Amino acid sequence: MDQSAKVITRFAPSPSGDLHLGHAYSAKLIYDFACAHDGDFILRIEDIDHLRCKVEYEQSIFDDLSWLGLKWSTPVRRQSEHFSDYKDALDKLSDKGLLYPCFCTRKDIKNEINESTRAPHTLPKLGPEGIIYPGICRNLSDDERANKIKEGIPHALRFDMTKALRLVDGPLYWTDLKTGKQLANPKLLGDVVLARKDFPASYHLSVVIDDHIQNITHVIRGQDLYYASHFHRLLQYLLGLKKVTYDHHPLLADKEGNRLAKRDKSLTLKSLKEDGLRPENLDALINEYL
């Protein structure tokens, strides 16, 4: 990344529920980083999941962030308004032969894994996000794929990691603000799903495209997405997109070690506001969960 480039950060929540204390922590970190570097803070609405996302939650996001004292550039980018951008990226990857239809259900994958445990030499591979997809549909013939599609069997589009890595000319690196220069190891995630029948793009694809289009220079997000950065660097390379610098912050968790989630109604910003919490007292509460 050009060190002289203006810093542009983004906070990209999904309007599938009310923001909670963890969101506030992340949003404030991102906003403060932009301000400290005389940069821009962008708000993006990640609303691809039309089954869970609701307009009222989007308005709640605006209200909560305003209550925190945050200001953002407009207009706000909504992913649901830019499906063509993700299709263009999928077409480019498909032209390189890097996508294949996957007809597996969760049950199919579970059964395949259960069968593999009976043969020690074929034990399922584990990645940082769990068991790596075992490749059931990767080696289907063109005729088998065409017949399944003709039969109307729902399918996702998976990324062929093995083929993709053959296209990489030399090692890929990405930069983390805390840990420095990192050698990208995207195969940790295996054949990632990049699109589904009902959802035109997965998180992995959409955020990489959006970050490029919006000229994001620094992606600040939770530690749970650290390994996703390995894969996102590969997508940037294959699609000819701009590199970004990453930072991964700790996740807020309760006393039992469970990270905060939207189901924690008592810790939503809406609930905390109703209980009389003032924005200036938020940092003290956040520190209780770090």
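The values are calculated or read from the model by the stated rules, or taken from the named source; none is laboratory data. Fair warning: this is a prediction, and the values are worked out from it, not measured in the lab. Cβ coordinates were reconstructed from backbone atoms using ideal geometry, including for glycine residues, and neighbour counts include every protein chain displayed.
A few notes on this one:
- Residues in the range 14-49 that are surrounded by fewer than 22 Cβ atoms within 10 Å (Cβ to Cβ) and part of a loop (DSSP other than H, G, I, E, B): S14, S16, G17, D18, H37, D38, G39, E46, D47, D49.
- In the range 50-70, the residues that are under 24 Å from F33 (Cα atoms), surrounded by fewer than 19 Cβ atoms within 10 Å (Cβ to Cβ) and either acidic (D, E) or touching a strand residue (DSSP E or B) at 6+ places or on another chain (Cβ under 7 Å) (or both): E58, D63
- Condition met for N215 (more than 14 Å from the chain's Cα centre (by Cα), polar (S, T, N, Q) and farther than 17 Å from A27 by Cβ): yes
- Taken over the range 123-182, residues that are more than 18 Å from C104 (Cβ to Cβ), hydroxyl-bearing (S, T, Y) and surrounded by 13 or more Cβ atoms within 10 Å (Cβ to Cβ) amount to 1.
- Filter pass, W72 being over 29 Å from L239 (Cα atoms), among the aromatic types (F, W, Y), in contact (Cβ under 8 Å) with a residue 24 or more places away in the chain and not assigned by TED's automatic domain parsing to the domain that holds A146: no
- For the range 132-186, filtered to residues that are out of contact with any Asp or Glu (no Cβ under 9 Å at 6 or more places or on another chain), in contact (Cβ under 8 Å) with a residue 40 or more places away in the chain and part of a loop (DSSP other than H, G, I, E, B), the residue that is nearest to I30 (Cα to Cα) is A184.
- Some residue of the range 225-236 being polar (S, T, N, Q), surrounded by 18 or more Cβ atoms within 10 Å (Cβ to Cβ) and in contact with a helix residue (DSSP H, G or I) (Cβ under 9 Å, 6 or more places away or on another chain): yes
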